[in-house]
Amino acid sequence: MVEYAKDNIIPPNREDQNDKAWWMGSTQGDFTVKSAWQIVRKKKEITTDFDFIWNKGLPFKVNFFLWRVWKRRVPTDDNLKRMKLQLVSRCWCCEKKKEETMTHLFLTASIANRLWKQFAGFAGIHMDGMHLEQLIIAWWTQKTSPQLQGVMRAMPAIIMWTLWKGRNNLKHGGSLTFNGVVMQVQDMVKKLVKRLYPWIYLESTQWSYITRRLRRYKPTLHYHSVVWRPPDLQKLKCNVDGASKGNPGPSSYGFCQRNSQGDLIYARAAGVGNTTNFEAESLAIYESFEYCWEKQLREVIIETDSLTLVKMIRGQWKLPCELVEREERIRKRLQGLNATIIHTFRGANGVPDLLAKEVVESQNIKEYTAFVDLPTHLRRQINSDKAQIPTLRIRTRKINIQH
């Protein structure tokens, strides 16, 4: 209990603050009905099976079918008999017309066994002696490259869904061939790869080619040099940012104005109480505009690393209802000051980020009008920006630069 209190409870920072009650059911210390319900309700033991069943990129009906197989809720003849339904059982997928069971239909029937072996061989899975549940788990847990692993986890669902469609097609007068089933599975696998990894181009639908391509895949690295750009001569640039511990939690904002030489004109950091990071960044933009309006600073460039807020202020994206009034006022200030708001990457927005973090715990207000008054780490960041020292933004996909 002592260790929990030391790690999670922040004591009051001011001497005039009294101690307060702390609700142990939430990390923020505030009582909520949700946190109380989480404490008193009975929870089932957490299992990882369902994390593997629901595969991103597969249609919902395929994932749901795998869930039904796992829970033995598929209407095969053996499951219908368990429900006290009397019927004559026969397997539609094999020539011997054996009794239809889940294990027989999805594993031991000749076409099902051939299909599993067709794909298991290239995946490095030895399925001899396994029952259906063991085989599914073997596909889920097979160690391979990250890209291929995402496909391997979906393979049991794809194979059994294809077998189930073929069984129903035969039962209602259609036909079923082994080559046709293989092509259906490979086509679904190619579509899955396209959804999961749209940047990987596949020249063939052959399973052997897909496994080899995904195992050997090495992403192309794209990089972009990020630097703080000073404004034009006789103009000012104001960088803004917000910070939040917990999101929602104790939050703050910071903004700083610099001239074309990169020298500090004015900087402010202030706490805003318990809120979200998005709210804090919105307040940072609002307060910077209010300061510019108060000082009648026109044609200022407001720079933020929140592309979402930039698009909302420009009217390209819809505003959440709680920010409508504030954003409308920001737009009026934007027009009245003939100012500009642009987006930048986080690497070029280091000064306001450090300013906001400076007061996120204390919730104080700090203002700076001279470079020498700044803390050491802030002076170091401003000098780095003036020297145009870049930070590299490295991604596996092409970096989209938006202003």
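The values are calculated or read from the model by the stated rules, or taken from the named source; none is laboratory data. The shown structure was predicted, so the numbers you read here are calculated from the model rather than taken from an experiment. Here Cβ is always computed from backbone atoms with ideal geometry, including for glycine, and neighbour counts include all displayed protein chains.
Would it be correct to say that residue 220 is of a type in the set (Ser, Thr, Tyr) and modelled with pLDDT under 90? First the steps, then the outcome.
Numbers: of a type in the set (Ser, Thr, Tyr): yes; modelled with pLDDT under 90: yes.
Yes: the conditions hold for residue 220.
Any residue in segment 371-389 that is under 28 Å from the mean Cα position of the chain (by Cα), assigned to a loop (DSSP other than H, G, I, E, B) and assigned by TED's automatic domain parsing to the domain that holds residue 252? Even if it seems obvious, please write down each step before you answer.
Residues of segment 371-389 under 28 Å from the mean Cα position of the chain (by Cα): none.
Checking segment 371-389: not a single residue is under 28 Å from the mean Cα position of the chain (by Cα), assigned to a loop (DSSP other than H, G, I, E, B) and assigned by TED's automatic domain parsing to the domain that holds residue 252.
Could you tell me whether any residue of segment 344-362 is β-branched (Val, Ile, Thr) and in contact with an Asp or Glu (Cβ under 9 Å, 6 or more places away or on another chain)? I'd like the intermediate steps shown before the answer.
So the first thing to find is which residues in segment 344-362 are β-branched (Val, Ile, Thr), and the list is 344, 351, 359-360.
Now narrow it down to the ones that are in contact with an Asp or Glu (Cβ under 9 Å, 6 or more places away or on another chain): 344, 351.
Yes: segment 344-362 contains one or more residues that are β-branched (Val, Ile, Thr) and in contact with an Asp or Glu (Cβ under 9 Å, 6 or more places away or on another chain).
Quick check on this structure: which one of 345, 371 is under 22 Å from residue 277 (Cα atoms) and touching a strand residue (DSSP E or B) at 6+ places or on another chain (Cβ under 6 Å)?
Answer to the check: 345.
Find the residue count for segment 361-373, including only residues that are within 14 Å of residue 258 (Cα to Cα) and either surrounded by 13 or more Cβ atoms within 10 Å (Cβ to Cβ) or among the hydrophobic types (A, V, I, L, M, F, W, C) (or both).
3
Looking only at residues in segment 318-364 that are over 30 Å from residue 389 (Cα atoms) and β-branched (Val, Ile, Thr), which one is farthest from the chain's Cα centre (by Cα)?
Once the filter is applied, the top-ranked residue is 330.
Kindly indicate whether residue 390 is surrounded by fewer than 16 Cβ atoms within 10 Å (Cβ to Cβ), touching a Ser or Thr at 6+ places or on another chain (Cβ under 6 Å) and modelled with pLDDT under 95. Lay out the reasoning, then the answer.
On the way: surrounded by fewer than 16 Cβ atoms within 10 Å (Cβ to Cβ): yes; touching a Ser or Thr at 6+ places or on another chain (Cβ under 6 Å): yes; modelled with pLDDT under 95: yes.
It is true that residue 390 is surrounded by fewer than 16 Cβ atoms within 10 Å (Cβ to Cβ), touching a Ser or Thr at 6+ places or on another chain (Cβ under 6 Å) and modelled with pLDDT under 95.
Just the residues that are basic (Lys, Arg) and closer than 29 Å to residue 381 by Cβ, please, taken from segment 320-367. Break it down stepwise before answering.
Of the residues in segment 320-367, the ones basic (Lys, Arg) are 326, 329, 331-333, 346, 357, 366.
Hits for segment 320-367 are 326, 333, 346, 357, 366.
Specify the residue that is surrounded by the fewest Cβ atoms within 10 Å (Cβ to Cβ); the eligible residues are those in segment 224-260 that are in a strand (DSSP E or B) and among the hydroxyl-bearing types (Ser, Thr, Tyr). Walk me through it before giving the result.
Within segment 224-260, the subset in a strand (DSSP E or B) is 224-226, 237-244, 249-258.
From what's left, among the hydroxyl-bearing types (Ser, Thr, Tyr): 225, 244, 251-253.
Details: 225: 10, 244: 22, 251: 27, 252: 30, 253: 30.
Among residues in segment 224-260 that are in a strand (DSSP E or B) and among the hydroxyl-bearing types (Ser, Thr, Tyr), the one surrounded by the fewest Cβ atoms within 10 Å (Cβ to Cβ) is 225.
Identify the residue in segment 98-117 that is part of a helix (DSSP H, G or I) and of a type in the set (D, E, K, R) and, among all such residues, is farthest from residue 151 (Cα to Cα).
Taking segment 98-117 as the starting set, the residues that turn out to be part of a helix (DSSP H, G or I) are 102-108, 110-117.
Among the residues that remain, those that are also of a type in the set (D, E, K, R) are: 114, 117.
Values: 114: 20, 117: 17 Å.
Of everything passing the filter in segment 98-117, 114 is farthest from residue 151 (Cα to Cα).
For segment 238-273, name all the residues that are more than 17 Å from residue 370 (Cβ to Cβ), touching a Leu at 6+ places or on another chain (Cβ under 8 Å) and among the charged types (D, E, K, R).
Scanning segment 238-273 gives a single hit, 241.
Report, by residue number, each residue of segment 243-278 that is free of Cβ contacts under 8 Å to residues at least 40 places away in the same chain and not β-branched (Val, Ile, Thr).
Those that are free of Cβ contacts under 8 Å to residues at least 40 places away in the same chain and not β-branched (Val, Ile, Thr): 247, 259, 260, 277, 278.
Among the strands (runs of 3 or more DSSP E) lying completely within segment 261-360, list those that include at least 2 residues that are surrounded by 21 or more Cβ atoms within 10 Å (Cβ to Cβ). Don't jump to the end; show me each part of the working.
On the way: elements: 264-275, 301-304, 340-343.
Passing ranges, in order: 264-275, 301-304.
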